[in-house]
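These notes concern the structure reproduced below.
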Amino acid sequence: MKENANLLFVFLFKTPIEGSGYSLAWYILFVFIIAGALLFFAANFAGITSFIERRIAARIQTRVGPNVVGPQGILQWVADGIKLLLKEDLIPDRADQFLFRVAPYFVFSGLFAAFVALPFGYGIVAADLNVGVYYIFAITSLVVVGIIMGGWSSNSKWALFGALRSAAQIISYEIPTALSLIPVIMLTGSLSTQDIIKAQGGLPWDWFVFHSPFTFVCFVVFFISALAEGNRIPFDLPEAESELVSGYNTEYSGFRFLVFPMAEWANLWVIAAMVSLTYLGGWQVPFVSIETLSGSLVLIFLSVAVFVIKTSIVVFIVMQLRWTLPRVRVDQMTQLCWTYLVPFCLVAIVGTMIWMLIFPWETRVALLLRLMMFGIGFAFCFFYVRRIRFNYFNDKTAYENLKKKSPWYPIWRLP
Amino acid sequence: MTPYFNAVATTLYSIFEGMAVTTSYLFRRPSTIQYPNKLEKPLEEQLSDRYRGILQVDTSVCIGCRICEKTCPIDCIAINLEKNKETKERFLTRFDIDISKCMFCGLCSENCSTCAIYHTKFFNGATQNVDELVVRFVDSPIVLYKHRKDSDPKTREKDLSGVIVKQKMVKQRMKKQKTAKQEMPVNKISKHKIKEEIL
Ligand code: SF4
Ligand code: SF4
Ligand code: SF4
């Protein structure tokens with residue numbers, strides 16, 4: 001990033017930065033610019049996703065969703081934000097004033113700091129830390145601190161239950177999350193997010209998911225435990241609205257409340273970006289080597305597009321899971337973690353090690369096996385599409401007889 | 001060991017199937033009727049003919065039997081009848097329905113022997129003032145209908161869109177607005193008093 005700062009300085013003021021006396025001020029300013037850009041992205045992503053999620057959820061439940069504010073309701077999230085900002089910032093009478101006030105900042109900064117190490121494209125990352133993945137795990141744990149603080153200080157039993165559940169959940173799921181990334185780290189030999197992506201390729205069979213059956217298992221485990229870390233359904237126990245009103249944020253209102261859902265939706269990006277960068281090849285563009293990629297600005301933008309598309313697909317799947325699955329019970333949640341995810345992960349790590357020894361990455365056999373794995377994955381997707389078709393046609397005739405019109409109304413046709 | 005792996009397999013497969021079902025819904029027509037903005041055809045056409053909307057009285061076929069008034073469980077209907085002593089003619093001088101009280105049970109219209117009182121498909125009669133919802137169907141005395149052998153009023157074409165009741169409600173609102181200016185101060189005082197009483 002320092003080079004980029006230097007480049008921008010030269011571009012703007014036509015003098016090398018070393019000669020001018022402003023280098024320190026420029027670097028500080030640059031840091032703020034980057035932070036502002038990330039914040040802008042996170043906030044807008046959270047808002048727009050909240051709108052899109054509601055629309056998708058509505059279609060899954062054969063509703064329409066918010067469509068009144070702006071064309072097709074696209075400004076609904078702005079309206080929601082303004083509404084929440086205008087609300088009274090209420091602090092319960094017996095609450096711990098100080099902790100209650102600071103808790104949202106912990107949640108927010110914990111999440112926002114994760115964006116620092118997340119790449120967006122070739123060379124586009126706020127800080128290419130050499131401990132990137134480790135850093136993201138560590139810093140997102142700060143969110144739990146915020147949640148526990150909020151739940152404890154609210155002096156409400158719902159909030160306290162939510163906080164306790166959150167604590168139990170994070171303690172359990174930190175382990176499979178970290179374990180399931182060990183194969184990736186072994187294959188890459190680095191913790192840096194950029195290096196992990198560079199170790200993969202643009203074509204699907206060069207991704208880590210299809211490296212071996214073991215990495216595929218780890219991918220599934222990582223996806224599940226990332227959902228749990230992000231408090232997404234089916235693991236949204238800390239804020240289970242049917243049991244705990246709204247969980248740890250029950251007592252919050254106004255802007256302080258706004259921070260919680262916003263952080264949650266921003267977290268969606270963090271989850272999806274982590275999944276796509278560790279196992280799905282990140283910003284690698286097919287048929288373009290990293291050397292040619294670094295030379296051209298167009299290709300760099302293409303890499304950003306590839307990354308955003310991959311991440312959006314994962315975000316979509318996470319959203320759809322939310323509207324498909326019911327919530328698990330607390331005991332089921334911990335049981336799933338300790339008796340299924342962790343053992344599977346451990347076996348998969350050992351398996352990957354052996355696989356790496358027998359079939360090193362570059363050999364022909366390894367490529368063939370990766371192609372086979374990809375073939376299985378592709379067949380799986382094909383079967384999935386067949387099942388969707390089956391489900392659609394299963395109800396088609398009944399619908400037509402009942403309503404006298406075709407049920408065909410694809411998602412891109414806006415009601 | 002087998003139940004353990006079976007559990008994994010069933011879980012993954014059922015999630016897979018569930019996802020396939022929800023995805024298929026993304027390609028189906030939403031069942032929402034987007035009232036009032038985006039309707040394929042007016043909602044009153046989409047409602048069935050037996051929809052129980054706001055009541056309407058066709059005073060030209062009312063025989064003044066007062067059955068509707070008596071059957072109404074919550075006394076929404078008020079009917080006054082008068083008789084001309086010399087000609088022995090009977091008149092309908094008042095036929096009011098308090099729609100704000102009505103629960104659309106349909107008992108009145110079911111029992112009317114000429115279908116003079118019936119439900120329309122008109123339903124959106126919201127106003128700012130509850131008094132406006134007392135619809136007065138008689139402006140000047142109307143001679144009562146008498147049964148004839150050759151015609152059955154039950155088979156006549158009914159006005160289901162509720163033209164009469166709509167007109168009456170609009171007229172009453174206009175009248176209210178004219179007199180509202182004089183009533184204003186009185187209203188204010190009474191509201192004030194109510195507030196004080198509550199406090
Ligand atoms: S919650 Fe709202 S949208 Fe749902 S049925 Fe009730 S009124 Fe209708
Ligand atoms: S519909 Fe029922 S409540 Fe309404 S006026 Fe008739 S009898 Fe009374
Ligand atoms: S509306 Fe029907 S039931 Fe009522 S008084 Fe007239 S004829 Fe009798």
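List of remarks:
- Across region A:381-405, the qualifying residues are those that are within 8 Å of chain B (Cβ to nearest Cβ) and of a type in the set (Ser, Thr, Tyr), and the one among them that is farthest from residue A:320 (Cα to Cα) is A:399.
- Selection from region A:119-149 of residues that are crowded, with 21+ Cβ neighbours inside 10 Å and within 24 Å of residue A:175 (Cβ to Cβ): A:132, A:133, A:136, A:140, A:143, A:144, A:146, A:147, A:148, A:149
- Among helices (runs of 4 or more DSSP H) entirely within region A:1-112, having at least 2 residues that are at pLDDT 85 or above singles out A:23-60, A:76-86.
- Residue list for region B:72-88, filter: open to solvent by less than 70 Å² (accessible area, probe 1.4 Å) and modelled with pLDDT under 85: B:84
- Number of positions in region B:152-171 that are more than 14 Å from residue B:63 (Cα to Cα) and either among the hydroxyl-bearing types (Ser, Thr, Tyr) or open to solvent by less than 40 Å² (accessible area, probe 1.4 Å) (or both): 6
- The one condition in (1) in the same structural domain as residue A:246 (by TED's automatic domain parsing); (2) free of Cβ contacts under 8 Å to residues at least 12 places away in the same chain that residue A:68 fails to fulfil: (1)
- Taken together, the residues in region B:70-98 that are charged (D, E, K, R) and within 9 Å of ligand 2 (Cβ to nearest atom) amount to 2.
- Any pair with Cβ under 6 angstrom, 6 or more apart, that starts in region B:1-21 at a residue that is surrounded by 11 or more Cβ atoms within 10 Å (Cβ to Cβ) and ends at one that is part of a helix (DSSP H, G or I): B:20/A:387; B:20/A:388; B:20/A:391; B:21/A:391
- Residues of region B:38-71 classified as more than 13 Å from residue B:162 (Cα to Cα), away from ligand 3 (no atom under 16 Å from the Cβ) and either open to solvent by less than 50 Å² (accessible area, probe 1.4 Å) or within 14 Å of chain A (Cβ to nearest Cβ) (or both), total: 7
- Residues in region A:323-341 that are part of a helix (DSSP H, G or I) and surrounded by fewer than 18 Cβ atoms within 10 Å (Cβ to Cβ): A:330, A:331, A:332, A:334, A:335, A:338, A:339, A:340.
- Test result for residue A:227, open to solvent by less than 10 Å² (accessible area, probe 1.4 Å) and assigned to a helix (DSSP H, G or I): yes
- Residue match in region B:99-115 (condition: among the hydrophobic types (A, V, I, L, M, F, W, C), within 11 Å of ligand 2 (Cβ to nearest atom), in contact (Cβ under 8 Å) with a residue 60 or more places away in the chain and not in a loop (DSSP other than H, G, I, E, B)): no
- Unmet requirement for residue B:110, which otherwise passes all of (1) more than 11 Å from ligand 3 (Cβ to nearest atom); (2) open to solvent by 20 Å² or more (accessible area, probe 1.4 Å); (3) of a type outside the set (Phe, Trp, Tyr): (1)
- Test: residue B:74 is in a loop (DSSP other than H, G, I, E, B) and over 30 Å from residue A:398 (Cα atoms): yes
- Among the residues of region A:290-304, just one is under 17 Å from residue A:276 (Cβ atoms) and either of a type in the set (Ser, Thr, Tyr) or exposed (fewer than 13 other Cβ atoms within 10 Å of the Cβ) (or both), namely A:303.
The values are calculated or read from the model by the stated rules, or taken from the named source; none is laboratory data. Quick caveat, the model's predicted, so the values are computed rather than measured. Virtual Cβ from ideal backbone geometry, glycine too; neighbours counted across all protein chains shown. The protein model used for the area step is the full one, side chains on, heavy atoms only, and it has no ligands, DNA or RNA in it. Shrake-Rupley method; radii C 1.70, N 1.55, O 1.52, S 1.80 Å.
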